[in-house]
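Asker: Okay, here's the structure, questions in a sec.
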Amino acid sequence: MALPGVHTDRGELRVHESLEELSTDLVDYIAELSEASVKERGVFAIALSGGSLIGLIGKLCEAPYIKTVDWAKWYIFWADERVVAKNHADSNYKLAKDGLLSKVPIVPSHVHSINDSLSAEEAADEYGFVIRQLVKTRMVSVSDISDCPKFDLILLGMGSDGHVASLFPDHTVLEEKEEWITFITDSPKPPPERITFTLPVINSASNVAVVVTGESKAEAVHLAIDDVGADFPSLPSRMVQPTKGKLVWFLDKPAASKLKGLELSE
Ligand SMILES: O=C1O[C@H](COP(=O)(O)O)[C@@H](O)[C@H](O)[C@H]1O
């Protein structure tokens with residue numbers, strides 16, 4: 001049984017007993033947002049991350065979602081990508097393609113992956129350009145506060161160091177305010193070259209879900225969510241604060257085990 005969602009200053013917390021239950025709640029949430037967005041805007045612009053997240057959304061290829069989701073209306077993006085060939089084991093695109101995209105009736109031209117023949121800097125520039133074109137045609141909406149794209153949903157994972165997308169703690173990339181997409185060549189987690197959505201883009205989304213599992217991430221979850229004072233201002237996961245959008249944390253019990261004020265029974 002899931003604990004009921006808890007509403008906090010840091011968003012809604014959904015803590016689950018098992019990965020199976022978390023995965024079901026997560027895909028239901030995605031399917032609901034897809035339906036609402038298609039009803040309202042005619043399309044659903046979703047940005048994926050890599051890592052453990054993809055295994056947790058794999059159920060979208062199964063009944064009932066394979067039939068009930070309006071796949072033709074999906075536009076897919078990546079919140080971050082490693083600068084490797086698309087068929088490389090480290091590619092976030094490959095992970096999503098193998099685990100989801102090749103198994104659902106997505107329109108191939110709606111899949112907006114990064115150009116893997118370019119340098120990190122060029123790939124980030126080109127990805128920003130592609131997103132600008134889609135903002136112009138309103139396949140991706142635009143924020144009414146900043147000039148940033150407003151994705152219907154950005155799905156993020158989190159590393160045990162508190163990184164989200166390819167925004168790493170204490171990295172200058174956290175200060176980027178102008179660009180929508182940027183690049184790094186010194187990622188502390190391999191591979192070193194990556195491109196990433198910037199914080200202004202993440203925080204302009206209509207919905208952001210941060211999906212975190214496992215005890216190794218419990219300390220980072222605590223630092224990202226609990227009231228820890230001003231000591232951790234530059235923890236990327238703590239800087240995920242949608243301006244007008246909704247933030248939901250999908251956690252399993254081990255990841256949530258160091259949160260203060262949550263009654264987690266064994
Ligand atoms: O390097 C990355 O790591 C994070 C977290 O991955 P996880 O396997 O610990 O869940 C991921 O969200 C990001 O997209 C990826 O590039």
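Asker: Loop only by DSSP, 11 or fewer other Cβ within 10 Å of the Cβ. Give me the GluC sites (Glu not before Pro) in the range 148-207 that pass, ordered by residue number.
Answerer: Counting only loop positions with at most 11 other Cβ atoms within 10 Å, the GluC sites (Glu not before Pro) in the range 148-207 are GLU178.
Asker: I would also like to ask the following. Quick one: what Rg and Dmax do you get for the range 81-187 from the alpha carbons, in Å?
Answerer: 14.6, 40
Asker: Please report, largest first and rounded to whole Å, the three semi-axes of the ellipsoid equivalent to the range 153-266, where each semi-axis is the square root of five times an eigenvalue of the C-alpha gyration tensor.
Answerer: 24, 16, 13
Asker: So how long is each side of the chain along the principal axes, counting just the alpha-carbon atoms, biggest first, in Å?
Answerer: 47, 43, 38
Asker: Next up: Within the range 175-266, which trypsin sites (Lys or Arg not before Pro) sit in a loop by DSSP and count at most 16 neighbouring Cβ atoms inside 10 Å?
Answerer: Working: sites: LYS177, ARG194, LYS217, ARG238, LYS244, LYS246, LYS258, LYS260; in loops: LYS177, LYS244, LYS258, LYS260.
Sites meeting the loop and neighbour criteria: LYS177, LYS244, LYS260.
Asker: Here is a follow-up. Of the peptides 75-85, 130-140, how do they stack up when ordered by the mean number of other Cβ atoms within 10 Å, highest first?
Answerer: Ranked from most to least packed, the peptides come out as 75-85, 130-140.
Asker: Continuing with this model, one more query. Please report, in whole Å, how far the alpha carbons of the range 1-138 spread along each principal axis, starting with the longest.
Answerer: 47, 35, 33 Å, listed from the longest principal axis down.
Asker: Full extension from SER146 to GLU175: what is 0.36 nm times the residue separation minus their Cα-Cα distance, to one decimal in nm?
Answerer: 8.8 nm
Asker: What residue among ALA36, ALA123, ALA224 shows peak mean-square fluctuation when the chain is described by a Gaussian network model with Cα springs under 10 Å?
Answerer: In the Gaussian network model the winner is ALA36.
Asker: Counting only C-alpha contacts under 8 Å and six or more residues apart, can you give the relative contact order of the range 185-266 as a whole percent?
Answerer: Dividing the mean separation by the residue count of the range 185-266 yields 40 percent.
Asker: Roll a 1.4 angstrom probe over the protein heavy atoms and tell me the percent of accessible area of the chain that is carbon or sulfur. Walk me through the numbers on the way to the answer.
Answerer: Numbers: 6140 of 11840 Å².
Roughly 52 percent of what the probe reaches on the chain is carbon or sulfur.
Asker: May I ask you to compute the full-extension gain from GLU17 to SER102, defined as 0.36 nm times their residue separation minus their alpha-carbon distance, rounded to one decimal in nm?
Answerer: 27.6 nm
Asker: Among THR182, LEU33, VAL208, flag the residue with its Cα farthest along the positive direction of the charge dipole of the chain, charges on Cβ as +1 for Lys/Arg and -1 for Asp/Glu.
Answerer: Highest projection toward the positive end goes to LEU33.
Asker: In the structure displayed, which of LYS150/LYS244; LYS97/LYS258; LYS67/LYS246; LYS39/LYS246 lie more than 22 Å apart, Cα to Cα?
Answerer: LYS97/LYS258; LYS67/LYS246
Asker: Follow-up. What percent do you get for the relative contact order of the range 1-117 when only Cα pairs under 8 Å and 6+ apart count?
Answerer: 23 percent
Asker: Let me ask something additional. Please calculate how many Å² of accessible area the chain carries per residue, with a 1.4 Å probe and no DNA, RNA or ligand atoms counted.
Answerer: Using a 1.4 Å probe on heavy atoms only, each residue of the chain averages 45 Å².
Asker: Based on DSSP H runs of at least 4 residues, each adding -39500 (n - 2.57), what is the mean residue ellipticity at 222 nm of the chain after dividing by all its residues, to the nearest 500 deg cm²/dmol?
Answerer: Numbers: 8 runs with 72 residues, N = 266.
One gets -7500 deg cm²/dmol as the mean residue ellipticity at 222 nm.
Asker: Another one. Please tell me which of these pairs span more than 32 angstrom C-alpha to C-alpha: LYS73/LYS189; LYS59/LYS217; LYS86/LYS136; LYS59/LYS177; LYS73/LYS177? Please list the in-between numbers first.
Answerer: Numbers: LYS73/LYS189 34 Å; LYS59/LYS217 24 Å; LYS86/LYS136 27 Å; LYS59/LYS177 36 Å; LYS73/LYS177 30 Å.
Violating the 32 Å Cα-Cα cut-off are LYS73/LYS189; LYS59/LYS177.
The values are calculated or read from the model by the stated rules, or taken from the named source; none is laboratory data. Computed from a predicted model, the values in this text were never measured in an experiment. Neighbour counts are summed over all protein chains in view; Cβ atoms, including those assigned to glycine, are modelled from backbone coordinates with ideal geometry. With ligands, DNA and RNA removed, areas are computed over all heavy atoms of the protein, side chains included. Shrake-Rupley method; radii C 1.70, N 1.55, O 1.52, S 1.80 Å.
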